(Lines give C-alpha, C1' and ligand atoms only; values in the text may rest on other atoms or scores of the structure.)
Protein backbone atom coordinates (compact mmCIF):
# COMPACT_ATOMS: atom_id res chain seq x y z
CA UNK A 1 0.00 0.00 0.00
CA UNK A 2 1.50 3.31 -1.10
CA UNK A 3 1.57 6.26 1.25
CA UNK A 4 0.52 9.77 0.15
CA UNK A 5 3.38 11.74 -1.43
CA UNK A 6 2.65 14.76 0.79
CA UNK A 7 3.06 12.69 3.92
CA UNK A 8 6.39 11.28 2.71
CA UNK A 9 7.75 14.73 1.84
CA UNK A 10 6.56 16.16 5.14
CA UNK A 11 8.13 13.38 7.18
CA UNK A 12 11.39 13.70 5.24
CA UNK A 13 11.58 17.34 6.37
CA UNK A 14 10.92 16.36 10.00
CA UNK A 15 13.55 13.62 9.95
CA UNK A 16 16.11 15.93 8.33
CA UNK A 17 15.49 18.48 11.09
CA UNK A 18 16.05 15.74 13.69
CA UNK A 19 19.29 14.74 11.99
CA UNK A 20 20.43 18.37 11.95
CA UNK A 21 19.95 18.60 15.73
CA UNK A 22 21.95 15.40 16.20
CA UNK A 23 24.68 16.55 13.79
CA UNK A 24 25.04 19.91 15.59
CA UNK A 25 25.26 18.09 18.93
CA UNK A 26 28.00 15.79 17.64
CA UNK A 27 29.86 18.72 16.05
CA UNK A 28 29.83 20.83 19.21
CA UNK A 29 30.33 18.01 21.73
CA UNK A 30 32.05 15.21 19.80
CA UNK A 31 33.75 13.53 22.75
CA UNK A 32 30.66 13.71 24.96
CA UNK A 33 28.39 12.54 22.14
CA UNK A 34 30.55 9.47 21.41
CA UNK A 35 30.52 8.64 25.11
CA UNK A 36 26.77 9.20 25.27
CA UNK A 37 26.10 6.91 22.29
CA UNK A 38 27.30 3.91 24.32
CA UNK A 39 25.16 4.70 27.36
CA UNK A 40 23.16 1.48 27.04
CA UNK A 41 26.22 -0.75 27.48
CA UNK A 42 28.42 1.60 29.50
CA UNK A 43 26.93 3.69 32.30
CA UNK A 44 30.19 5.58 32.90
CA UNK A 45 28.73 8.52 30.92
CA UNK A 46 26.26 9.07 33.74
CA UNK A 47 29.00 9.12 36.38
CA UNK A 48 31.29 11.44 34.44
CA UNK A 49 28.83 14.06 33.21
CA UNK A 50 26.34 14.12 36.09
CA UNK A 51 28.94 16.08 38.08
CA UNK A 52 29.01 18.92 35.53
CA UNK A 53 25.31 19.11 34.71
CA UNK A 54 23.55 22.46 34.42
CA UNK A 55 19.88 23.40 34.65
CA UNK A 56 20.06 24.52 31.01
CA UNK A 57 22.45 22.26 29.10
CA UNK A 58 22.95 22.81 25.36
CA UNK A 59 23.93 19.17 24.77
CA UNK A 60 20.80 17.79 26.42
CA UNK A 61 18.69 20.59 24.93
CA UNK A 62 19.61 19.74 21.32
CA UNK A 63 19.01 16.04 21.89
CA UNK A 64 15.72 16.85 23.62
CA UNK A 65 14.55 18.69 20.48
CA UNK A 66 15.40 15.60 18.46
CA UNK A 67 13.47 13.54 21.01
CA UNK A 68 10.36 15.68 20.47
CA UNK A 69 10.53 15.27 16.69
CA UNK A 70 11.28 11.54 16.84
CA UNK A 71 8.64 10.69 19.45
CA UNK A 72 6.02 12.78 17.61
CA UNK A 73 6.67 10.96 14.34
CA UNK A 74 6.55 7.55 16.00
CA UNK A 75 3.41 8.49 17.95
CA UNK A 76 1.70 9.40 14.69
CA UNK A 77 2.77 6.12 13.08
CA UNK A 78 1.63 4.14 16.13
CA UNK A 79 -1.78 5.81 16.34
CA UNK A 80 -2.39 5.32 12.63
CA UNK A 81 -1.45 1.65 12.90
CA UNK A 82 -3.13 0.73 16.18
CA UNK A 83 -6.28 2.87 16.03
CA UNK A 84 -7.30 4.92 13.01
CA UNK A 85 -5.84 6.99 10.20
CA UNK A 86 -5.23 10.64 11.00
CA UNK A 87 -4.70 13.34 8.41
CA UNK A 88 -1.14 14.61 8.68
CA UNK A 89 -0.59 18.36 8.94
CA UNK A 90 1.95 20.82 10.27
CA UNK A 91 -0.52 21.98 12.93
CA UNK A 92 -1.10 18.42 14.11
CA UNK A 93 2.61 17.63 14.46
CA UNK A 94 3.31 20.93 16.22
CA UNK A 95 0.47 20.30 18.68
CA UNK A 96 1.76 16.79 19.27
CA UNK A 97 5.33 18.02 19.87
CA UNK A 98 4.09 20.78 22.16
CA UNK A 99 1.98 18.33 24.17
CA UNK A 100 4.88 15.91 24.63
CA UNK A 101 7.33 18.70 25.46
CA UNK A 102 5.02 20.33 28.03
CA UNK A 103 4.27 16.94 29.59
CA UNK A 104 7.97 16.11 30.06
CA UNK A 105 8.91 19.60 31.30
CA UNK A 106 6.05 19.74 33.84
CA UNK A 107 7.04 16.30 35.10
CA UNK A 108 10.67 17.42 35.52
CA UNK A 109 9.65 20.62 37.32
CA UNK A 110 7.41 18.66 39.69
CA UNK A 111 10.26 16.32 40.54
CA UNK A 112 12.60 19.28 41.12
CA UNK A 113 9.96 20.82 43.38
CA UNK A 114 9.77 17.62 45.39
CA UNK A 115 13.57 17.65 45.66
CA UNK A 116 13.47 21.19 47.06
CA UNK A 117 10.65 20.43 49.50
CA UNK A 118 12.48 17.45 50.96
CA UNK A 119 15.97 19.02 50.69
CA UNK A 120 17.28 16.33 48.38
CA UNK A 121 18.10 18.59 45.42
CA UNK A 122 21.43 16.91 44.64
CA UNK A 123 19.88 13.46 44.61
CA UNK A 124 16.95 14.54 42.41
CA UNK A 125 19.26 16.41 40.02
CA UNK A 126 21.39 13.30 39.57
CA UNK A 127 18.30 11.11 39.12
CA UNK A 128 16.76 13.46 36.55
CA UNK A 129 20.03 13.66 34.62
CA UNK A 130 20.05 9.88 34.35
CA UNK A 131 16.43 9.71 33.19
CA UNK A 132 16.78 12.55 30.68
CA UNK A 133 19.93 10.94 29.27
CA UNK A 134 18.13 7.67 28.58
CA UNK A 135 15.13 9.49 27.07
CA UNK A 136 17.45 11.43 24.76
CA UNK A 137 19.04 8.11 23.81
CA UNK A 138 15.57 6.87 22.85
CA UNK A 139 15.33 9.86 20.52
CA UNK A 140 18.45 8.65 18.71
CA UNK A 141 17.16 5.10 18.49
CA UNK A 142 13.86 6.29 17.02
CA UNK A 143 15.47 8.02 14.03
CA UNK A 144 16.36 4.82 12.10
CA UNK A 145 13.18 3.13 13.35
CA UNK A 146 11.02 5.96 11.99
CA UNK A 147 12.86 5.90 8.65
CA UNK A 148 12.27 2.16 8.29
CA UNK A 149 8.58 2.39 9.25
CA UNK A 150 7.97 5.32 6.90
CA UNK A 151 9.96 4.39 3.83
CA UNK A 152 10.91 0.72 3.96
CA UNK A 153 8.07 -1.37 5.37
CA UNK A 154 4.37 -0.83 5.94
CA UNK A 155 3.92 -1.02 9.73
CA UNK A 156 1.36 -3.37 11.23
CA UNK A 157 0.21 -3.83 14.81
CA UNK A 158 2.76 -6.55 15.56
CA UNK A 159 5.67 -4.43 14.35
CA UNK A 160 4.56 -1.28 16.18
CA UNK A 161 3.91 -3.14 19.42
CA UNK A 162 7.31 -4.84 19.16
CA UNK A 163 8.98 -1.44 18.77
CA UNK A 164 7.03 -0.05 21.74
CA UNK A 165 8.15 -3.01 23.87
CA UNK A 166 11.75 -2.51 22.71
CA UNK A 167 11.63 1.19 23.64
CA UNK A 168 10.02 0.27 26.97
CA UNK A 169 12.91 -2.09 27.71
CA UNK A 170 15.46 0.67 27.06
CA UNK A 171 13.53 3.07 29.28
CA UNK A 172 13.27 0.41 31.99
CA UNK A 173 17.03 -0.16 31.84
CA UNK A 174 17.47 3.56 32.42
CA UNK A 175 15.12 3.58 35.39
CA UNK A 176 16.72 0.48 36.93
CA UNK A 177 20.16 2.04 36.52
CA UNK A 178 18.94 5.11 38.38
CA UNK A 179 17.30 3.06 41.12
CA UNK A 180 20.39 0.88 41.49
CA UNK A 181 22.62 3.90 42.11
CA UNK A 182 20.20 5.06 44.82
CA UNK A 183 19.38 1.64 46.24
CA UNK A 184 20.25 2.44 49.85
CA UNK A 185 17.94 5.45 49.86
CA UNK A 186 15.12 3.43 48.27
CA UNK A 187 15.45 0.69 50.89
CA UNK A 188 15.33 3.24 53.67
CA UNK A 189 12.20 4.95 52.34
CA UNK A 190 10.58 2.15 50.36
CA UNK A 191 6.99 3.28 51.06
CA UNK A 192 7.68 6.81 49.79
CA UNK A 193 9.47 5.32 46.77
CA UNK A 194 6.35 3.33 45.85
CA UNK A 195 4.21 6.45 46.22
CA UNK A 196 6.62 8.37 43.98
CA UNK A 197 6.64 5.56 41.43
CA UNK A 198 2.85 5.53 41.17
CA UNK A 199 2.41 9.30 41.27
CA UNK A 200 5.19 10.52 38.98
CA UNK A 201 6.40 7.54 36.95
CA UNK A 202 3.25 5.57 36.15
CA UNK A 203 0.24 7.84 36.72
CA UNK A 204 1.21 10.67 34.33
CA UNK A 205 1.60 8.29 31.39
CA UNK A 206 -1.88 6.85 31.91
CA UNK A 207 -3.28 10.38 32.05
CA UNK A 208 -1.40 11.39 28.89
CA UNK A 209 -2.57 8.26 27.06
CA UNK A 210 -6.18 8.97 27.99
CA UNK A 211 -5.94 12.62 26.88
CA UNK A 212 -4.35 11.72 23.54
CA UNK A 213 -6.83 8.96 22.78
CA UNK A 214 -9.95 10.90 23.76
CA UNK A 215 -8.97 14.21 22.21
CA UNK A 216 -6.64 13.03 19.41
CA UNK A 217 -4.15 15.60 20.64
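The values are calculated or read from the model by the stated rules, or taken from the named source; none is laboratory data. Given the structure is predicted, the values throughout are model-derived calculations rather than measurements. Here the Cβ is made from the backbone with ideal geometry for all residues, glycine too, and neighbour counts use every protein chain on show.
Scanning the range 145-169 for residues that are surrounded by fewer than 15 Cβ atoms within 10 Å (Cβ to Cβ) and part of a helix (DSSP H, G or I) returns 148, 151, 157, 158, 161, 162, 164, 165, 166, 168, 169. Taking the conditions (1) surrounded by fewer than 17 Cβ atoms within 10 Å (Cβ to Cβ); (2) more than 19 Å from residue 59 (Cα to Cα); (3) within 21 Å of the chain's Cα centre (by Cα); (4) in contact (Cβ under 8 Å) with a residue 12 or more places away in the chain in turn, residue 111 satisfies each one other than (1).
Look at residue 132 and say whether it is closer than 26 Å to residue 17 by Cα and surrounded by fewer than 17 Cβ atoms within 10 Å (Cβ to Cβ). Against the criterion (closer than 26 Å to residue 17 by Cα and surrounded by fewer than 17 Cβ atoms within 10 Å (Cβ to Cβ)), residue 132 does not qualify.
Out of 141, 163, 71, which single residue is at pLDDT 90 or above, more than 25 Å from residue 32 (Cα to Cα) and touching a helix residue (DSSP H, G or I) at 6+ places or on another chain (Cβ under 9 Å)?
On the way: 141 fails: more than 25 Å from residue 32 (Cα to Cα); 71 fails: more than 25 Å from residue 32 (Cα to Cα).
Within the list 141, 163, 71, the selection yields 163.
Considering each residue of the range 36-48 in turn, at least one proves to be modelled with pLDDT of 90 or more and buried (at least 16 other Cβ atoms within 10 Å of the Cβ).
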